[in-house]
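Working notes for the structure below.
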Amino acid sequence: MDGLDLIKTFREVAFRRSFSRAALSLGMSKATVSRYVAELEARSGVRLLNRSTRSLSLTDAGEVLLERSTELVTMAENTLNDLQAHGAHPRGRLRMSAPHGLIAGWLSDVIAEFIKLYPDVYVSLNFTNHDIDLIEEGIDIHLTGGRIDDMNLIVRRLVRFDMVVCASPGYWAQRGIPQVPEDMARHDVLSYSPMPTTHLPFETDGQPHDVAVHSRMEANDAVALIELALRGVGVAYVPEPLAQSHLERGALVPVLRNHMPHEHWLYAAYSQRRHNSAAMRAMLDFLEKSMGPVPEPMPAAVPVTLPPCATTAAVAARDNQTLNGKTP
């Protein structure tokens, strides 16, 4: 038993002036109540109660403990009530981490709706592309699109997403649109890899295979790769939800749709199975329900033959017509 339980038992005996009545009030046996008081006296090194066969009274030390423990017990009980409220109703600070750029996709809408639905929850978002220790850094939920090998974490699969190979209309006009994954070897790739030459995963006839490509530059943030792809620097291989708005308006054109792997998932990782706060449980459930299937992929772009003198604007206009299902 802990010290607070001993003190609360002593206080009940002091108020009731009886071990039997205190035991009845606490729902304990008289022997247990007597043992708790004896343990408290042993720990404090002083007698707290004067006992006789017919009466029970407080010693001077017992009077001091009764008086000074009132505030302690009240504070402890109020704290426990607050904690129980946290466990029943979503409230308080919820600390989350996610890779850089993830907020640029559909996660923004999910977080916004959650904040509106649970006004008593304060969401703290930390963006990082590095491995983190959830317990050491105080993170409640970590979102990631990569594998999680830490056996101490619980992992919940949230939503499947596709990767996309895309570049600006101007880039494709200058360099040509690849028809098969092997064509990517002659393109400048904007990649996550720290190596000047890396590999990209594709599928052909249902079989996965990697294609060696030339990395023009590297970055640890998908948003940075997308921004540079928009400027015609090279080809980005990124999660499609992050580039969705640019794909929809034709600023980026996807290729090799039929060769993209389809088993990428967004995961939520957390460190506890029991006694999680209501805010954490609510967020996990809300993520799973709200982050339904991402929008269907856009149809693959059809190669366009352009005259040598075509301007970048003309290229963009023609590719936009292609994406909209129109033939120039």
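The values are calculated or read from the model by the stated rules, or taken from the named source; none is laboratory data. On a predicted model such as this, the values are computed, not experimentally measured, just so you know. As a convention, Cβ positions derive from the backbone with ideal geometry for all residues, glycine included, and neighbour counts pool all protein chains shown.
Here segment 9-38 is the region considered, the condition is being touching a residue at least 40 places away in the same chain (Cβ under 8 Å) and surrounded by 20 or more Cβ atoms within 10 Å (Cβ to Cβ), and the residue that is farthest from residue 64 (Cα to Cα) is 13. Confirm whether residue 110 is surrounded by 15 or more Cβ atoms within 10 Å (Cβ to Cβ), hydrophobic (A, V, I, L, M, F, W, C), in a helix (DSSP H, G or I) and at pLDDT 80 or above. So residue 110 fits the description; yes.
For segment 211-257, the set of residues classified as over 15 Å from residue 200 (Cβ atoms), touching a Cys at 6+ places or on another chain (Cβ under 8 Å) and not in a helix (DSSP H, G or I) consists of 252, 253, listed by residue number.
Please enumerate the residues belonging to segment 164-195 that are without any contact (Cβ under 8 Å) to a residue 60 or more places away in the chain, surrounded by fewer than 21 Cβ atoms within 10 Å (Cβ to Cβ) and not in a loop (DSSP other than H, G, I, E, B). Selection gives 174, 175, 182, 183, 185, 186, 188.
Report whether or not residue 25 is farther than 30 Å from residue 92 by Cα and at pLDDT 90 or above. So residue 25 does not fit the description; no. Residues that are more than 30 Å from residue 92 (Cα to Cα) and at pLDDT 50 or above: does segment 267-286 have at least one? No, there is no match, as no residue in segment 267-286 is more than 30 Å from residue 92 (Cα to Cα) and at pLDDT 50 or above.
hydroxyl-bearing (Ser, Thr, Tyr) and at pLDDT below 85: does that describe residue 70? Answer is yes for this residue. Selection over segment 196-235 of residues that are exposed (fewer than 14 other Cβ atoms within 10 Å of the Cβ) and within 16 Å of residue 252 (Cβ to Cβ) gives a count of 1.
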